[in-house]
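Notes for the one structure printed next.
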Amino acid sequence: MSDSKATLTLNGESKDYAIMDGTVGPQVIDVRKLYAQTGMFTYDPGFTSTASCDSGLTYIDGDEGVLLHRGYPIGQLAEQSSFMEVSYLLLNGELPSKAELDEFTRTITRHTMVHEQLTTFYRGFRRDAHPMAIMCGVVGALSAFYHDSTDINDPVQRKIASHRLIAKMPTIAAMAYKYSAGQPFVYPRNDLSYTANFLRMTFSVPAEEYVPDPVIVDAMDKIFILHADHEQNASTSTVRLAGSSGANPFACIAAGIACLWGPAHGGANEAALNMLREIGTVDRIPEYIARAKNKDDPFRLMGFGHRVYKNYDPRATVMQKTAEDVLRVMGVTDPIFDVARQLEKIALSDEYFIEKKLFPNVDFYSGVILSAIGFPTEMFTVLFALARTVGWVAQWNEMISDPAQKIGRPRQLYTGPTQRDYVPVDKR
Ligand code: CMC
């Protein structure tokens, strides 16, 4: 708590509000007593100026393009760590020792199978169902299968549920893909890494084993690291809000998946690749730049702009380099990658994008990589959900462990009719 105070003067009367300090980043004004003292609420749709919790997981400085997990820069984690290690870090606060990492990896590996009866859920969906629709349903259904890890007041059950979610998500995601492709489900294999196992469950068929190139496994692992957590974004806030009522973890993560699906959030990677394909050739870029700048046209450059980053998204830097590596290994010369690079160049030198501080975000290049690896666009947001699950459960755990935690209950500025008398239907 800082010594300084914020003073609010209303109708000639002044009230002081405490100013709170984090370890780094903007201070916050503690307005919890505002309504009791003044009878007024604050108004902040979209939470652009509101801290909804305190958290020790992830720090973002959007102006400088900084992203830290438990203090470690995302660039260092993506280059030197692994998704399993980053998961441990997010859940436990510190990097693991070798023994701790081995034990954690073993635990996750041992939880990768799903209840056999869960496969019948898939068969209830149409073959052309969007895999995110399947993910929302199947992940929500996990609470009907794993009753022994739904008591949120028991830290051991919370830990088991967290491990189950992280472990089963690749299996569930790969099954969603297999179902839409009309191919048999592939069971997990415990001798493979988390990421290699996921790729095999997705691309292997009984007639032919899939042996991924280590560069592809490494690229996929990096993509998972880059998506692991991102502070209080819309889906994470959804998970926290759902969890604040005491709902079980599987239901909360299903809520997060539903929120992530939207094109302004996790759905942007799919939308970005579709946009790049629609542009198709470099000579058509100016037309799309002009559309993005036109106030009367709802078109936006997908994969551009961010609520928090007003600088280059540090995840996009790693993503661009990874795209180059993957395309080289796959021997793919994707004209869409050229369109992406050229579009970025043109946009970054355009006054509109400079003035509004619109830079490529994590989704701008990820679609190019995922498409080169062989994923259909509908799977892109599923991969985001898979990776973000660790962030969601870590944030959820942090919230439940906080003794000051309350049910989330925003207020509103009411603009509807004032009280009026009911009129029977024959008199209207
Ligand atoms: N193309 C063209 N103009 C844009 C864009 C864009 N991609 N993004 C923002 N703007 C303009 C917008 O029209 C507005 O202009 P004005 O001030 O004249 O009205 C200004 O920039 C500010 O935009 P905003 O919508 O008020 O900003 P926001 O913080 O509410 O939105 C955003 C952030 C990510 C939703 C938005 O930039 C966007 O729609 N981007 C495209 C979708 C996208 O790539 N989303 C992925 C986000 S990163 C992954 C994730 O976190 O899920």
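Of the residues I108, C136, Y122, the one whose Cα sits farthest toward the positive end of the charge dipole of the range 105-154, with +1 on the Cβ of Lys and Arg and -1 on the Cβ of Asp and Glu, is Y122. Of all lysines in the structure, the ones whose alpha carbon falls short of 17 Å from that of K5, not counting any fewer than 8 places away in one chain, are K15, K33.
Looking at this model, which pairs from K98/K159; K321/K357; K98/K321 are more than 27 angstrom apart at the alpha-carbon? Can you show the working numbers first?
On the way: K98/K159 20 Å; K321/K357 22 Å; K98/K321 29 Å.
Too far apart for the 27 Å limit: K98/K321.
Between the listed residues G22, W396, F375, the Cα displaced farthest toward the positive end of the dipole of the chain, a dipole computed from Cβ unit charges relative to the Cα centre, is found at W396. Computed about its Cα centre, the charge dipole of the chain is approximately 1200 debye, with only Lys, Arg, Asp and Glu carrying charge at their Cβ.
A 1.4 Å probe run over the chain, with the rest of the protein chains in place, finds 50 Å² accessible per residue. Between the exposed loop cleavage positions of the chain, defined as chymotrypsin sites (Phe, Trp or Tyr not before Pro) in a non-H, G, I, E, B DSSP state with at most 10 neighbouring beta-carbon atoms within 10 angstrom, the longest gap is 44-413. For K178, the lysines whose Cα comes closer than 27 Å to its Cα, not counting residues fewer than 8 places off in the same chain, are K168, K222.
Note on the chain: helix-only mean residue ellipticity at 222 nm, from DSSP H runs of 4+ residues weighted -39500 (n - 2.57) and normalised by residue number, equals -15500 deg cm²/dmol.
The alpha-carbon of K310 sits under 18 angstrom from the alpha-carbons of these aspartates and glutamates, leaving out residues fewer than 8 places away in its chain: D61, D63, E64, E231, E344, D350, E351, E355, D363.
For the range 384-427, the set of trypsin sites (Lys or Arg not before Pro) satisfying both a DSSP loop assignment and a count of at most 16 other C-beta atoms within 10 Å is given as K406, R411, R420.
Which three numbers, in whole Å and largest first, are the semi-axes of the equivalent ellipsoid of the range 74-402 derived from its Cα gyration tensor as √(5λ)? Could you put the intermediate results ahead of the total?
Numbers: eigenvalues 208, 100, 76 Å².
Semi-axes from the Cα gyration tensor: 32, 22, 20 Å.
The values are calculated or read from the model by the stated rules, or taken from the named source; none is laboratory data. Only a predicted model underlies this, so the values are computations on that prediction, with no experimental measurement involved. Cβ coordinates were reconstructed from backbone atoms using ideal geometry, including for glycine residues, and neighbour counts include every protein chain displayed. Keep in mind that these areas ignore ligands, DNA and RNA; they rest on the heavy atoms of the full protein, side chains included. Shrake-Rupley method; radii C 1.70, N 1.55, O 1.52, S 1.80 Å.
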